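Remarks on the structure that follows.
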4 protein chains.
Amino acid sequence: VLQHPGLHLEFASANSQAGQTALIAGQRVGFIDNEESALADAALVFSALPHGASAEWVDRAAASGAKVVDLSSDLRPGNGHADGVPYGLTELTRQAVESAAVVANPGCYPTAILLALAPLIKKGLTKPGATISISAASGVTGAGFTPRPDLLFAEVTEDFRAYSVANQHRHLAEMRAVIAELGADNDLVFVPHLLPVARGILATITVPVTEEPGNPLEVWEEAYSGEPFIELTSEAPSLRDVVRRNVIRISCTVAKGIRQPTLIVIAAIDNLVKGAAGQAVQNANIMLGMDETLGLPA
Amino acid sequence: VLQHPGLHLEFASANSQAGQTALIAGQRVGFIDNEESALADAALVFSALPHGASAEWVDRAAASGAKVVDLSSDLRPGNGHADGVPYGLTELTRQAVESAAVVANPGCYPTAILLALAPLIKKGLTKPGATISISAASGVTGAGFTPRPDLLFAEVTEDFRAYSVANQHRHLAEMRAVIAELGADNDLVFVPHLLPVARGILATITVPVTEEPGNPLEVWEEAYSGEPFIELTSEAPSLRDVVRRNVIRISCTVAKGIRQPTLIVIAAIDNLVKGAAGQAVQNANIMLGMDETLGLPA
Amino acid sequence: VLQHPGLHLEFASANSQAGQTALIAGQRVGFIDNEESALADAALVFSALPHGASAEWVDRAAASGAKVVDLSSDLRPGNGHADGVPYGLTELTRQAVESAAVVANPGCYPTAILLALAPLIKKGLTKPGATISISAASGVTGAGFTPRPDLLFAEVTEDFRAYSVANQHRHLAEMRAVIAELGADNDLVFVPHLLPVARGILATITVPVTEEPGNPLEVWEEAYSGEPFIELTSEAPSLRDVVRRNVIRISCTVAKGIRQPTLIVIAAIDNLVKGAAGQAVQNANIMLGMDETLGLPA
Amino acid sequence: VLQHPGLHLEFASANSQAGQTALIAGQRVGFIDNEESALADAALVFSALPHGASAEWVDRAAASGAKVVDLSSDLRPGNGHADGVPYGLTELTRQAVESAAVVANPGCYPTAILLALAPLIKKGLTKPGATISISAASGVTGAGFTPRPDLLFAEVTEDFRAYSVANQHRHLAEMRAVIAELGADNDLVFVPHLLPVARGILATITVPVTEEPGNPLEVWEEAYSGEPFIELTSEAPSLRDVVRRNVIRISCTVAKGIRQPTLIVIAAIDNLVKGAAGQAVQNANIMLGMDETLGLPA
């Protein structure tokens, strides 16, 4: 927001840090208590409150006349999805975002995985009844900034491990709901891992398909033609291609030497940008009638 | 070998470093030219020559009367497998190794993946005709020690990427051959990734099965009872559990909320120990009639 | 240059990569052979050729009428310094840079260390005859991009070591020459270290002074008042404060409990930005009569 | 202790984890409440309680007849040093340790720095009245295992920073007291830094000396002849030379091109081994009349 040419920061609230300041992008920002928020003065409010605590403030902000981008999971599909609140996976729901008063900003894993899968699903190419297997890995900022022993440097460096195995990750409901809405008849196996990097998500997705495509990237090229924040690559994307940028990079190859036609789709995003704050600004730009790319690092 | 109580290093050859010395485990070791190797003086030879160059020296060493552990892929299943040369995945082939003159030491990825899959396959539990999806990640020592721009610290730190996508990894033939020998009617999708860590391999395997087991670890407990280097865990294993040790750690959970009964099997090893030199010593111990665990870090 | 609103890239030469292209800041750039460089079409040339090879091309570019920023050490003080070629430590030599045809862009360590020491030296506060002790650490990009075994990820991660000990670093002559020009009667002990990070330099400098200052930062505040790229902090600076930015951050504290009045000055820069390309653009901006901050990340 | 052939673990207490177990070196160890400690059954007690809380338990353990190695700073020189409690910098105080009932185990930074400086000081080679400048860096385990926001992986990776600048580190009193006891008339400037590595300390020490030595390492070779855990090297030591080992590596070079004869002494240890638990076991071995090297990784 501080670096955005079309936005002005009216206030920043943070109960636990109320009264403190932080140096952000060369500017010193003071935090106020949530209750002191001058909601009536805001044209748009970003709510990054914890899951469960956010919905109430979304209502308060909306009641005060502000548009709202909710970064929590409270209003996302598969969670407490509310009527009239579009899911802000911008490239798929741009039209609904344009006229929305409130947008539910997607989770970081769902952003990477759903943008990667949507073109296949919408064209009916995923094999009906089949399981899509997703192995994903995230940098540690994906776990937030609360100090936890298992996120200390000495515990994470030189390590790699899966977590929330057995389809227990809280983002799974969001992904299932969206692929169903898109028309998929597929199950998901989702195994996230913790990477010894600060930021970035890479998802490697094995998708049984109805038939082997000639040019595997064609489906995405058609679906995402002209999209400013989607990059399609013949080489497998890597985290360093996307960190500090509001983009997703997607590659697709055909698995060789097996009987069932199967695609290997790989997607990479920065979990803090396209997977969170960047996409939130992208949605805000649209809601406020500004250029969608304004203030965003491409 | 230097720290092994039952072995004595007769010579170490290394053409590219012939004439040089290295400090290993507190002892200074000199390297000779391969051609100066006193093969006749050796009871056992470890050949760690490059793929393609090793087979000839295995023959020369065997002809001189030495037993041989070949760490290259030259004699492995799916490559140039030779009759009478057992595959040294010790826990599966111990009896054949005992009486062998030459053993083909497994690759690092196959060690982790095959030890993880074998108990399921041998009990006929993998779903016939189904695809097993393997997402694996390796530390950079898996790529060897030849300086390459893409392995420089500045290129690897804070990055993560897949490589040899589309079932193009050279270890795939080895894995396919072994699971077929074990009786599996399954295809493999194998996507390896490069981790920003020095050592360690973690494989996350999605396996369609004929039916959901009650206690998912039971199959492995039964197959690997009493094995000194196999650790079964209810929690997903991590690299730091296994680095610098000659062990594999395996976990298994049932994927929840999907129609096709599916297991998520995760295995971790140190690619330089259980995935290479450690397993080579384990095989050598057996071939020489010594205690299998001698000189190996548990 | 590609992201600079006042510059246009006419050509990029790179003998070893001639004919290849690279994706830089979202644009694909082709490299030509040095000899194909259309020097006459360039208003300004950045020479980043190796030390020893650069001076000749600086002459050729200057002869063709282009202004030149030389990033090699060929023309720096203490090396082959040439008359009329100012040293481009911008904050100290701005006036000379304004009218220069050729500027010698400083080395990365000298940028951090000289900007940190200059205010003290110019006020005559360093103790005459005393030794200034500099312990500095650099990320691995400071060593360039040529693949070397000791710069492989597996060799650098979890390690830390000094190099060029005993005052043998090639940047020492540059620093000695400049502090002498500034009027210092001091010796330097300089010990650089290799950090397991990609980028950034931190220099910790112990300076015997003639007397203990009341407010240790005052000397720098006075010297650098209004400078857009110099940040003075009461807390010790860290690499993450400066990476990807064209700034230097400097702190100063008085060593407590010792007899000789002594300051501990700490400076941090990004070796690739303020320590190289960023400062080069800063100098180019001045040489071309543009706003000094144009195109530079603050 | 678990891997030590001459020791048997009688109990392990840990108030905050009482009732919990941990897997250590392949064995499961249960923690009891401190008050349940069967001190009377112990021949030797290691106290690793926090500074301030340890002294009382040292007294209780000693009163029960156990020998005690205290890893806290409570009884160290410069802190609450007690008569008859030798400082356990083993190579300097072996004789006192042999007959001691209680030993104060040194801090990690002091271990590296004092073992490096002692031979120079004892020979009277440090320049009287001069300041010795110490720049040291530690891996994050030096800060303990309490979760702190500034020790999270995402805050430490790719960063480097000084802390406790201005001679404010709590280990300084310990170092000052010991060098004074050894006969030095020198001040210390000590600037520690936080490294993005899990373990290891490297100290780079600039020492003004009375005269330039011919062979700079000779002083150490003479002082430490036959020491099993001291390694002298002509090349600057690095962390990877010492991690997971109970050794200190020391190098010394003469600073070239300066007027005041000055040595650059570099020392590296593993802060968790020679800088803490390893040296504690080394002391215990001596106190119990066992081989000093027993159970210690060389």
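The values are calculated or read from the model by the stated rules, or taken from the named source; none is laboratory data. As the structure is a prediction and not an experimental result, all values here were calculated from the model. Using ideal geometry, Cβ is built from the backbone for each residue, glycine included, and neighbour counts are taken over all protein chains shown. All accessible areas refer to the heavy atoms of the entire protein, side chains included, with ligands and DNA or RNA removed. Shrake-Rupley method; radii C 1.70, N 1.55, O 1.52, S 1.80 Å.
May I ask you to work out the translational diffusion coefficient for chain D at 37 °C, viscosity 0.692 mPa s, via Stokes-Einstein with Rh from the Kirkwood sum over Cα pairs, reported in whole µm²/s? Rounded to a whole number, D works out at 164 µm²/s. The accessible-area loss of the stretch C:14-39 on complex formation, taken against its chain alone with a 1.4 Å probe, reaches 10 Å² or more at C:Leu23. Interface of B with A. Using a 1.4 Å probe and counting protein heavy atoms only, the two chains hide about 3700 Å² of accessible surface, both sides summed. As a size descriptor, the averaged projected area of the C-alpha convex hull of the stretch D:158-295 was calculated at 10.3 nm².
Three principal axis extents of the stretch A:13-63 based on alpha-carbon atoms, in descending order, are 32, 23, 18 Å. Rounded to the nearest 10 degrees, the angle from helix A:108-122 to the longest Cα principal axis of chain A is 50 degrees.
In this rough spin-label picture, where each label sits 7 Å from Cα along the Cβ direction, the C:Arg60-A:Phe145 distance is 5.1 nm. Over all orientations, the protein assembly as shown has a Cα convex hull whose mean projected area works out to 48.1 square nanometres. Measuring from each Cβ of chain D to the axis that turns chain D onto chain A, the shortest distance belongs to D:Pro147, 2 (residue, then whole Å). Taking the Cα-to-Cβ direction at A:Ala82 and at C:Glu10 and moving 7 Å from each Cα, how far apart do the two end points lie in nm? The modelled label-to-label distance comes out at 6.0 nm.
Note on the protein assembly as shown: with neighbouring protein chains present and a 1.4 Å probe, carbon and sulfur make up 49 percent of its accessible heavy-atom surface.
When D:Met287, C:Met290 are compared by accessible area of protein heavy atoms, the largest-first order is C:Met290, D:Met287, using a 1.4 Å probe. The sum of -39500 (n - 2.57) across all DSSP H runs of n ≥ 4, divided by the residue count of chain B, sets its helix-only mean residue ellipticity at 222 nm to -6500 deg cm²/dmol. In the context of the full protein assembly, D:Thr93 retains an accessible surface of approximately 30 Å², using a probe radius of 1.4 Å and ignoring ligands and nucleic acids.
For A:Ala53, inter-copy separations between label points set 7 Å beyond Cα along the Cβ vector come to 2.9, 5.7, 6.1 nm, shortest first. B:Val273 sits with roughly 20 Å² accessible to a 1.4 Å probe, with DNA, RNA and ligands left out of the calculation.
Sorted from closest to farthest, the other copies place their C:Gly289 label points 4.3, 9.2, 9.3 nm away, with each point set 7 Å from Cα along Cα→Cβ.
Across the stretch B:72-200, counting alpha-carbon atoms alone, Rg and Dmax equal 16.1, 47 Å. For the stretch B:55-187, the solvent-accessible area works out to 34 Å² per residue, with a probe of 1.4 Å and every protein chain left in place. So for the stretch B:102-229: antiparallel DSSP bridges make up what percent, rounded to the nearest 5? Bridges in the stretch B:102-229 that DSSP calls antiparallel: roughly 55 percent. By the Kirkwood approach, averaging reciprocal distances over each pair of separate Cα atoms, the stretch B:1-111 gets a hydrodynamic radius of 14.8 Å. Paramagnetic label reach from A:Asn34 (point 7 Å along Cα→Cβ; backbone nitrogen cut-off under 18 Å): within the stretch A:2-28, residues A:11-20. Of the Cα atoms belonging to the stretch D:115-188, the radius of gyration and Dmax stand at 15.9, 46 Å. For the stretch D:224-298, DSSP calls about 70 percent of its internal beta bridges antiparallel.
Could you calculate the FRET efficiency of B:Lys122 with D:Glu221 from 1/(1 + (r/R0)^6), where r is the beta carbon distance between them and R0 is 56 Å, rounded to 0.05? For R0 = 56 Å, the calculated efficiency reads 0.40. Modelled label positions at C:Ser99 and A:Asp41, each set 7 Å beyond Cα in the direction of Cβ, lie 5.1 nm from each other.
Take each residue of peptide B:252-265, count the partner chain Cβ atoms within 10 Å of its Cβ, and average: the result is 5.
What base-10 log of the normalised intensity I(q)/I(0) is obtained for the stretch C:147-194 from the Debye formula, alpha carbons as equal point scatterers, at q = 0.21, 0.24, 0.25, 0.29 Å⁻¹? So the normalised log intensities work out to -0.77, -0.88, -0.91, -1.06.
Annotation: average projected area of the stretch B:59-125 is 4.9 square nanometres, based on the convex hull of Cα atoms across all directions.
Compared with the dominant Cα axis of chain A, that is its longest principal axis, helix A:54-63 is turned about 60°.
Comment: the Cα-to-Cβ extended label point of C:Glu218, at 7 Å, lies 5.0, 7.6, 8.1 nm from its counterparts in the other copies, nearest first.
Note on chain A: Lys pairs 8 or more places apart or on different chains, Cα atoms under 23 Å apart, count 4.
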